[in-house]
Amino acid sequence: MTTIDNRRAVMKIPVTSLCAQAGIGRQTYYDGLERGTMRPDTLAKLNAALSRFHLAYDGEVRELAIHSAYKAAMVIAALHLQANARAALAADPSRKATADKDWLAAARVRRLAYWIANGMLGFRVTEVARAAGVTKQAVSNAIKDLEDDDDPEIRRVCRQLEEVFS
């Protein structure tokens, strides 16, 4: 939690602006600072909000494009997998909560979104990784796993998406 507050301070983002961008209350933010801990989904929202501010702070148009494309790919993937797009976007990929069915559903959506952003939209793995907040190895492995997946639903979804994007 202190890392988030330090990043916020360096970028000179007011707490009220960060909380509004993250969709959380100021009191939640201050309570988290005081306790030193916060719920994982709240941390994910704050990290995503800081990333959006960082993109605006840097002024990099290419970064904004890949970030937007990645989010769109997440929504497309969630729709095709009949998953909750909002939950998938808020899930923290670094948690590796393989026993949690909600986290696994979000991971499945992320894997398809990586494939869409890289293979269908043409962004490099490193760009997708940066936008998703993971390593390029994580993206590469997820794409490879998806391409090797024998699940008929995944195969059907990939074929449909290839038809749409071709």
#### Entry: Condition met for GLU127 (of a type in the set (Asp, Glu) and either at positive phi or touching a residue at least 60 places away in the same chain (Cβ under 8 Å) (or both))
yes
#### Entry: Unique residue being in a loop (DSSP other than H, G, I, E, B) and in contact (Cβ under 8 Å) with a residue 24 or more places away in the chain when the list is THR98, THR37
THR37
### Summary
Flagged pairs (Cβ under 7 angstrom, 6 or more apart or on separate chains; first in segment 59-72, modelled with pLDDT of 80 or more; second among the hydroxyl-bearing types (Ser, Thr, Tyr) and crowded, with 17+ Cβ neighbours inside 10 Å) are none
### Task
Select, from GLY119, GLY32, the only residue that is over 16 Å from the mean Cα position of the chain (by Cα), within 23 Å of ALA138 (Cβ to Cβ) and either touching a residue at least 40 places away in the same chain (Cβ under 8 Å) or surrounded by 14 or more Cβ atoms within 10 Å (Cβ to Cβ) (or both).
GLY119
### Task
Please enumerate the residues belonging to segment 18-37 that are at pLDDT below 85 and not hydrophobic (A, V, I, L, M, F, W, C).
GLN21
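The values are calculated or read from the model by the stated rules, or taken from the named source; none is laboratory data. Keep in mind that what you see is a predicted model, and the values were worked out from it rather than measured. Because the Cβ atoms are built from the backbone with ideal geometry, glycine has one as well, and the counts that use them run over all protein chains shown.
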